[in-house]
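The values are calculated or read from the model by the stated rules, or taken from the named source; none is laboratory data. Worth saying up front: this structure is predicted, and the values here are computed from it rather than measured. Virtual Cβ from ideal backbone geometry, glycine too; neighbours counted across all protein chains shown. Heads up: the accessible areas ignore ligands, DNA and RNA and are worked out on the full protein's heavy atoms, side chains in. Shrake-Rupley method; radii C 1.70, N 1.55, O 1.52, S 1.80 Å.
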Amino acid sequence: MTQILVRFLVGGAVVSAFAAVGDMLKPKSFAGLFGAAPSVALATLGLTLFAEGGSYTAIEGRSMIAGAAALFAYASVVSWIMMRYKLNALMITTCSIPLWFAVAFSAWYLCIK
Amino acid sequence: MRVRIDATALGQIKWHDYAARFLFGGLVTAVAGIIANKFGPAIGGLFLAFPAIFPASATLIEKHEKEKKEKEGFEGATRGKEAASIDASGAAMGSIGLLAFALVVWRFVANNNPWLVLAAATLAWLTVSVLVWEIRKET
């Protein structure tokens, strides 16, 4: 339970810090780079290094490649839909989450597993 | 297009927006840890690139741009959506950098100083992301 709480606090702090940097940057397309900052990864991998060591962390890094490819597909599709259809951002970003799962698990199964 | 830093933008964000980011970021980090414990690091690693605060950030950008335009007396909904779309295209470019981050961690973390590897991976993310952004800007 303590480990989960530490992960929650460290993750929340790192994600908020990267998001705040993104808020200060202009133009919007450059600030958007921080929407794909390695914030969750840094918090998680940092804590994993303490608990499990380098080899375990390397396995997580390998799978993260599939997750990053899925994030590329997700963000590209979200951007495209938002520019073309009159739907609000919350609906588009939330309804597109299954796309991230589909690409991440397919890429992992086909290329990494 | 030159990159600028505007620290006053932080003052325009409400406390509940900061709280939402903290909550989603914390939750995804905690859940990624739980998944790694239950299903192993191969599955847990996927969630290190989960779009944790993406919906909250896109909604915030859409709302701010819409309000800004409406204060000036214009219709703001379209501008709000455009701004959120541009931000999302930036995130797509950043995710190519995230791929570089993951590659550096995977290849080097087991046999080198892990803290230096994490720092190098973060630098790789920033360098690749900015390069992709610069190339895209030119085309």
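Report the residue count in segment A:4-19 for those that are in contact with a helix residue (DSSP H, G or I) (Cβ under 6 Å, 6 or more places away or on another chain) and among the hydrophobic types (A, V, I, L, M, F, W, C).
The qualifying residues number 7.
Yes or no: segment B:2-15 includes at least one residue that is polar (S, T, N, Q) and at pLDDT 85 or above.
No - not one qualifying residue is present in segment B:2-15.
Which of the following residues is more than 7 Å from chain B (Cβ to nearest Cβ) and either free of Cβ contacts under 8 Å to residues at least 12 places away in the same chain or assigned to a strand (DSSP E or B) (or both): A:Leu9, A:Leu5?
The unique qualifying residue is A:Leu5.
Consider B:Ile53 against the criteria (1) hydrophobic (A, V, I, L, M, F, W, C); (2) buried (at least 19 other Cβ atoms within 10 Å of the Cβ); (3) modelled with pLDDT of 90 or more: it satisfies all of them except one. Which criterion is unmet?
Looking at each condition in turn, B:Ile53 falls short on (3).
Among the helices (runs of 4 or more DSSP H) confined wholly to segment A:33-95, which include 2 or more residues that are among the small types (Gly, Ala, Ser)?
Answer list for segment A:33-95: A:39-52, A:54-84.
Would you check if B:Lys69 is in contact with a Gly (Cβ under 6 Å, 6 or more places away or on another chain) and either in a helix (DSSP H, G or I) or in contact (Cβ under 8 Å) with a residue 40 or more places away in the chain (or both)?
So B:Lys69 passes the test.
Restricting attention to segment A:69-88, and to residues there that are free of Cβ contacts under 8 Å to residues at least 12 places away in the same chain and open to solvent by less than 30 Å² (accessible area, probe 1.4 Å), which single residue is nearest to A:Lys113 (Cα to Cα)?
A:Ser79
For segment B:95-111, which residues satisfy the criterion of being modelled with pLDDT under 95 and of a type outside the set (A, V, I, L, M)?
Passing the criteria: only B:Asn111.
Being part of a helix (DSSP H, G or I) and either free of Cβ contacts under 8 Å to residues at least 12 places away in the same chain or open to solvent by 30 Å² or more (accessible area, probe 1.4 Å) (or both): is that true of B:Val105 here?
No: the conditions fail for B:Val105.
Inside segment B:63-81, can you point out the residues that are more than 7 Å from chain A (Cβ to nearest Cβ), under 14 Å from A:Ser79 (Cα atoms) and either open to solvent by 30 Å² or more (accessible area, probe 1.4 Å) or among the β-branched types (Val, Ile, Thr) (or both)?
B:Thr78, B:Arg79
Would you point out which residue out of B:Leu126, B:Leu46, B:Leu60 is open to solvent by less than 30 Å² (accessible area, probe 1.4 Å) and more than 7 Å from chain A (Cβ to nearest Cβ)?
Testing whether each residue is open to solvent by less than 30 Å² (accessible area, probe 1.4 Å) and more than 7 Å from chain A (Cβ to nearest Cβ) leaves just B:Leu60.
If B:Pro51 satisfies every condition in (1) part of a loop (DSSP other than H, G, I, E, B); (2) more than 19 Å from the chain's Cα centre (by Cα); (3) not hydrophobic (A, V, I, L, M, F, W, C) but one, which is the exception?
Failing condition for B:Pro51: (2).
For segment A:15-32, enumerate the residues that are part of a helix (DSSP H, G or I), hydrophobic (A, V, I, L, M, F, W, C) and within 7 Å of another protein chain (Cβ to nearest Cβ).
A:Val15, A:Ala19, A:Ala20, A:Met24, A:Phe30, A:Ala31
Within the bounds of segment B:108-117, is there any residue that is facing chain A (nearest Cβ under 7 Å), surrounded by 23 or more Cβ atoms within 10 Å (Cβ to Cβ) and within 16 Å of the chain's Cα centre (by Cα)?
No.
Looking at segment B:24-37, is at least one residue surrounded by fewer than 16 Cβ atoms within 10 Å (Cβ to Cβ) and touching a residue at least 24 places away in the same chain (Cβ under 8 Å)?
The answer is no, given that none of the residues of segment B:24-37 is surrounded by fewer than 16 Cβ atoms within 10 Å (Cβ to Cβ) and touching a residue at least 24 places away in the same chain (Cβ under 8 Å).
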